[in-house]
Amino acid sequence: MAERGTTDDLRVRRTLAAIKSAFRELALETDADRISVKAVAQRAQINRKTFYLHYSCIEDLAEDVLQDLAQSYFVQIDAIDDDMPIDQTNRVFFEWMESQGDLLEHLLLVPSYQDFLRRLFASTLSHNRARHNAYAHLPTEEQAIVNAFLTEATHDMYLRWLLDGKRVPLERMIELSSELLAHGATPLRDDATQGDGPGVANPE
């Protein structure tokens with residue numbers, strides 16, 4: 001027979017798992033501002049009193065779900081080389097996003113969850129830079145610009161891929177986006193258009 005403490009711990013873990021699962025399910029179905037304690041409790045099959053034993057509000061629950069997502073990313077990113085090459089870091093991001101099923105993809109498309117995602121991606125960036133900052137030699141304000149480019153470019157490329165129905169195979173998408181992050185678009189240009197600027201027609 002299990003000891004009482006072990007039984008209680010298991011019960012708490014199951015309750016927390018049910019609450020978080022309910023939040024994820026509701027996030028796929030409705031806007032962020034429509035997720036209520038009542039809705040989560042009903043979906044998790046608990047009463048509101050039980051909810052408040054674990055969380056003070058919906059925002060508190062959302063933060064916990066965010067940290068769970070971040071932790072799953074940390075496990076994967078911490079397995080790559082210590083100097084965190086761009087191609088390896090980018091691969092982890094795409095494969096991690098893919099491993100989350102529909103949740104993060106859905107949140108990317110819903111305006112009311114953008115603050116949630118910004119905080120999630122800020123957490124992953126902070127973790128990466130704490131582990132290895134290849135741009136530490138730059139002034140702080142320049143590091144901020146580099147970080148903005150890398151995070152926004154990665155986000156936008158993934159979103160474009162998602163909106164296009166992922167018609168580019170995952171492996172090719174990782175290869176292409178890694179090339180763009182590391183070297184820009186110049187190596188991908190056709191020789192006949194090397195002199196053209198954005199939106200300028202080739203006079204030939």
Item to check | Qualifying residue in the stretch 142-155 (condition: in a helix (DSSP H, G or I), closer than 15 Å to N90 by Cα, of a type in the set (D, E) and modelled with pLDDT under 95) | outcome: yes
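The rows are residues; the columns are (1) aliphatic (A, V, I, L, M); (2) surrounded by 15 or more Cβ atoms within 10 Å (Cβ to Cβ).
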site: D83; (1), (2): no, no
site: I86; (1), (2): yes, yes
site: E95; (1), (2): no, no
site: L104; (1), (2): yes, yes
site: L117; (1), (2): yes, yes
site: T124; (1), (2): no, yes
site: N147; (1), (2): no, yes
site: H155; (1), (2): no, yes
site: K166; (1), (2): no, no
Next on the checklist: Against the definition (buried (at least 18 other Cβ atoms within 10 Å of the Cβ) and modelled with pLDDT of 95 or more), how does A18 come out, yes or no?
Outcome noted: no
Checklist entry - Any residue at all in the stretch 132-141 that is over 14 Å from N90 (Cβ atoms), in contact (Cβ under 8 Å) with a residue 24 or more places away in the chain and out of contact with any Pro (no Cβ under 8 Å at 6 or more places or on another chain)? => result yes
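The values are calculated or read from the model by the stated rules, or taken from the named source; none is laboratory data. All figures in this text were calculated on a predicted structure; none of them were measured in a lab. Note that we place each Cβ from the backbone using ideal geometry, even for glycine, and neighbour counts take in every protein chain shown.
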